[in-house]
Amino acid sequence: MTQDTNQAFYDRVSAELADIDAQGLTKPERVIASRQGPVISVNGRDVLNFCANNYLGLAGDERVTQAGIKAQEKWGAGTASVRFICGTLEIHKELERAIADYLGFEDAILFAAAFDANGGIFEPLFGAEDAIVSDSLNHASIIDGVRLSKAQRYRFANSDMADLEAKLKEARAAGARNIIIATDGAFSMDGYIGKIDQIRALADQYQALIMVDDCHATGFLGDKGKGSFAHCGVEVDFVTGTFGKALGGAMGGFICARSNVVELLKQRARPYLFSNALAPSVCGSSLEAIRIAAGDEGDKLRAQLFANAARFRSAMAAAGFDLLPGEHPIIPVMLGDAKLAQDMAARLLELGVYVIGFSFPVVPRGQARIRTQMSAAHTFEQIDAAVAAFTQAGKELGVI
């Protein structure tokens, strides 16, 4: 009886996978046999890489790599447990100080992943007497983090300031003790930059706090790459972010805030208390990436990144592709149909360009796309070659 019941479960799993595949929603796992960079090795051949979050091109940088190696040589593989049990390494404190100083905050707390940072920020700080007002297109990690809190929840249409104000009024009328507005600084599926300046104005009007997830902004948006809030010329209360994109490309997340907030999070945030400390190698690589991003070389990399984005966007629009508007280095090529997006990505790989088709549930149904992402490490020649491949595949598949 138990055997039959278990087999029914596995049959259901197989049926669900078959249904996902039939809808063209299967997300293939492609194995890379090289360092991350503008050119990577896939299936025994070199291809142009246009889908990594490697904004400043530092993921394969030798200085970043060697800094991680040196940190592991000194500190070993890790602490073998969580920080409050087995201790905090000096390099953890160094990285917390570095990211807080870089972004202009009093203090910072590290997490094993940026998902954990967003999962750990709300529940310790906001209770049933409080309200969280969240953008409808926020990252899944913010959504999950909000669910963990007992605070009242409100949702406003993406970057719709009128709707945000309506929700703030509603929360105030309901007697919320504290209100926090939560938003992505840059929305990863669309490349839209959040209207942080307008959110700041409404937050001041309704005495609300602001939390910004800057995973797709830290290192390259705003003055010295300090993020979306710097890009918009305002201050915010909390910034969550990652070392897994522009700042080295490894993994790990952080929250920057006032020192007393960070101290409370270290006492109460469950993903911090119950996850191993960030690996020393990640800390070492991230410290070197911050050093580069914060300096004159970072300015040059940011200038190249946005020049690359402008060149790709202009050429793809001229070729007839449907692009979402914006200035961010994320440039979605809209295709609509999930199977078409997968077929397009497969054909582009044959043509020597590595990209991924995005479809439900990562993006809404009917809005399948190929999300291209520029890097400062790309050359103009590589960008032009990618556009040529897109154009050929687009014509073959009837996209343009």
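The values are calculated or read from the model by the stated rules, or taken from the named source; none is laboratory data. Every value quoted in this text rests on a predicted model; they were computed, and no experiment measured them. So basically every Cβ, Gly included, is an ideal-geometry build from the backbone, and we count neighbours across all protein chains shown. Heads up: the accessible areas ignore ligands, DNA and RNA and are worked out on the full protein's heavy atoms, side chains in. Shrake-Rupley method; radii C 1.70, N 1.55, O 1.52, S 1.80 Å.
Values computed for the structure shown
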| item | result |
| --- | --- |
| The stretch 1-53, relative contact order in percent, only Cα pairs under 8 angstrom and at least six apart counted | 17 |
| Residues whose placed amide H lies under 5 Å from that of residue 354, excluding near-sequence neighbours | 48, 49, 50 |
| Surface share of carbon and sulfur [accessible, 1.4 angstrom probe, percent] for the stretch 164-257 | 46 |
| Charge dipole of the chain about the Cα centre (unit charges at C-beta), most positive-ward option of 364, 137, 210 | 210 |
| Taking the stretch 132-234 and dividing mean pair separation by its residue count, relative contact order in percent (alpha carbons under 8 Å, at least six apart) | 24 |
| Surface accessible to a 1.4 Å probe, per residue, for the residues of the stretch 113-180, Å² | 43 |
| Whether the stretch 51-116 is rounded, prolate or oblate, judged on the alpha carbon gyration tensor where a/c under 1.5 counts as rounded | oblate |
| Mean separation of Cα contacts under 8 Å (6+ apart) over length of the chain, as relative contact order % | 22 |
| Percent carbon-and-sulfur accessible area, the stretch 1-155, ignoring ligands, DNA and RNA, probe 1.4 Å | 52 |
| All aspartates and glutamates inside 15 Å of residue 169 as judged from Cα atoms, apart from same-chain residues fewer than 8 positions distant | 130, 160, 204 |
| Global size of the stretch 287-400 as Cα Rg and Dmax, reported in angstrom | 15.1, 46 |
| Karplus-derived HN-Hα couplings along the stretch 96-106 (A = 6.51, B = -1.76, C = 1.60, θ = phi - 60°), whole Hz, x at Gly and Pro | 4, 5, 5, 6, 5, 5, 4, 8, x, 10, 5 |
| Cross-link reach list, lysines versus residue 74, counting only Cα pairs under 21 Å and skipping chain neighbours closer than eight places | 93 |
| Surface share of carbon and sulfur [accessible, 1.4 angstrom probe, percent] for the stretch 329-398 | 56 |
| Protection proxy ranking of 180-190, 104-114, 4-14 - average other beta-carbon atoms within 10 Å, highest first | 180-190, 104-114, 4-14 |
| Nonlocal amide H pairs with residue 372, under 5 Å, H built at 1.01 Å | 331, 333 |
| Accessible area in square angstrom per residue, the stretch 35-88, 1.4 angstrom probe | 49 |
| Accessible area per residue, Å², the stretch 307-385 with all protein chains present, probe 1.4 Å | 37 |
| Of 70/226; 167/195; 27/395; 150/195; 70/300, pairs whose Cα-Cα distance is over 19 Å | 70/226; 27/395; 150/195; 70/300 |
| Global form of the stretch 1-158, assessed from the alpha-carbon gyration tensor, a/c cut-off 1.5 | oblate |
| Per-residue HN-Hα couplings for the stretch 372-379 [Karplus 6.51, -1.76, 1.60; θ = phi - 60°; Hz; x = Gly/Pro] | 8, 9, 7, 10, 5, 7, 5, 9 |
| Antiparallel DSSP beta bridges within the chain, as percent of all bridges there, nearest 5 | 55 |
| Debye intensity ratio I(q)/I(0), log10, the chain, q values 0.10, 0.15 Å⁻¹ (C-alpha model) | -0.72, -1.40 |
| Integer Hz, Karplus 6.51/-1.76/1.60 couplings in order for the stretch 245-255, x for Gly and Pro | 10, 5, 8, x, x, 7, 5, x, x, 8, 10 |
